[in-house]
Amino acid sequence: LWATPAGHAALNPHFNGAGDMLIFSERAPARRSAKNIWEGWRVHLAQFDAEAEGLQKLPYHKVLFDGTGGFYETYGFKGPDRFVFSRTTGGKHVDEILVSDLEGKNTDRIIGDPQNWDQHGSFAPSGDVLAFISSRGDASWKAPDSKADTLTTELFLRKNGEIYQLTRFNSEGSEGLRYLVSDLDWDREGRRIVFQVAPIKLMQSLESDNAT
């Protein structure tokens, strides 16, 4: 559907509910920021034509947030005329989830705390419940002092203005491991969430293994 030039990248494509629109983020770095993976991102909104061939399936593109700098990551749509994304500027952690209209305007911040890592926001089909991953379950992890190599995340819900923690891998999982919950999606009825979780050995465990 889409091919990027060398040194560019595409990330997190999502269809809208009707299946006729696709959103994804693209990295198109300027030469000065080519080695900084957190710079040079923008958002693509494209029509999808299932009857066309190959790269012609996306006949019309709208590029949003081009040249604004930072890292953009797309998470899907909220209803017919809004999309969900994150934006990271000037840092190396994802600290807010936003919704915008299809022009990249009228942007609302729905989750965000500069000390937390908040990412992968996805609304249930009803549009009234948001699932997302966050570091907020670990009170000891606080950006910008804490770094990605000590990050732990869990799955959370925001419903009726309240935030609920759904998973507790890091408090109930195996000792010597940290857990990262990441990409997620809802079923069509909005009753189940599928998500990824990665267990990673803690640095002290790796050092202990090397010592033995």
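The values are calculated or read from the model by the stated rules, or taken from the named source; none is laboratory data. If you're wondering where the values come from, they're calculated on a predicted model, not measured in any experiment. All Cβ positions, glycine included, derive from the backbone under ideal geometry; neighbour counts span all protein chains shown. These accessible areas exclude ligands, DNA and RNA; they are computed on the full protein's heavy atoms, side chains included. Shrake-Rupley method; radii C 1.70, N 1.55, O 1.52, S 1.80 Å.
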Of all the accessible heavy-atom surface of region 123-192, with the other protein chains kept in place and a 1.4 Å probe, what percent is carbon and sulfur? 43
Env charge @ Asn16, Cβ radius under 11 Å, K,R +1 / D,E -1, value 0
So, over other residues within a Cβ distance under 11 Å of Arg109, counting Lys, Arg +1 and Asp, Glu -1, the net charge is -4
Using 0.36 nm times the number of residues separating Ser126 and Ile37, minus their current alpha carbon distance, what extension gain do you get? 28.6 nm
On the protein heavy atoms, probe 1.4 angstrom, tell me the percent of accessible surface of region 1-69 carried by carbon and sulfur. 53
Length released on extending from Lys142 to Lys105, taking residue separation times 0.36 nm less the Cα-Cα span: 10.3 nm
Stretch gain in nm, segment Tyr60-Gln196, where the contour uses 0.36 nm per residue and the Cα spacing is subtracted: 45.8 nm
With the label point 7 Å along the Cα-to-beta-carbon line of Ser171 and a cut-off under 18 Å to each amide N, the hits in region 179-198 are 179-181
So for the chain, taking the charge dipole from beta-carbon charges (+1 Lys/Arg, -1 Asp/Glu), which of Phe85, Ala46, Ala143 sits furthest toward the positive end? Ala143
Whole-number accessible area per residue in Å² for region 1-56, which is evaluated in the context of all protein chains at 1.4 Å: 62
Calculate, for Tyr164 and Asp49, the FRET efficiency according to 1/(1 + (r/R0)^6) with r their C-beta to C-beta distance and R0 25 Å; round to the nearest 0.05. 0.05
Helix-only [θ] at 222 nm, the chain, -39500 (n - 2.57) per DSSP H run of 4+, per residue, nearest 500, equals -1500 deg cm²/dmol
So what is the accessible area of region 112-187 per residue, in Å², with the probe set to 1.4 Å? 50
Of the listed pairs Lys35/Lys62; Lys78/Lys201; Lys62/Lys159; Lys57/Lys78; Lys92/Lys201, those with alpha carbons more than 28 Å apart are Lys78/Lys201; Lys62/Lys159
By the scheme Lys and Arg +1, Asp and Glu -1, what is the net charge of all other residues having a beta-carbon under 14 Å from that of Ser182? -4
With all pairs of different alpha carbon atoms counted, what Kirkwood hydrodynamic radius in Å does region 81-145 show? 12.5
In vacuo Debye scattering of the chain, one point per C-alpha: log10 I(q)/I(0) at q = 0.11, 0.15, 0.17 Å⁻¹? -0.58, -1.03, -1.25
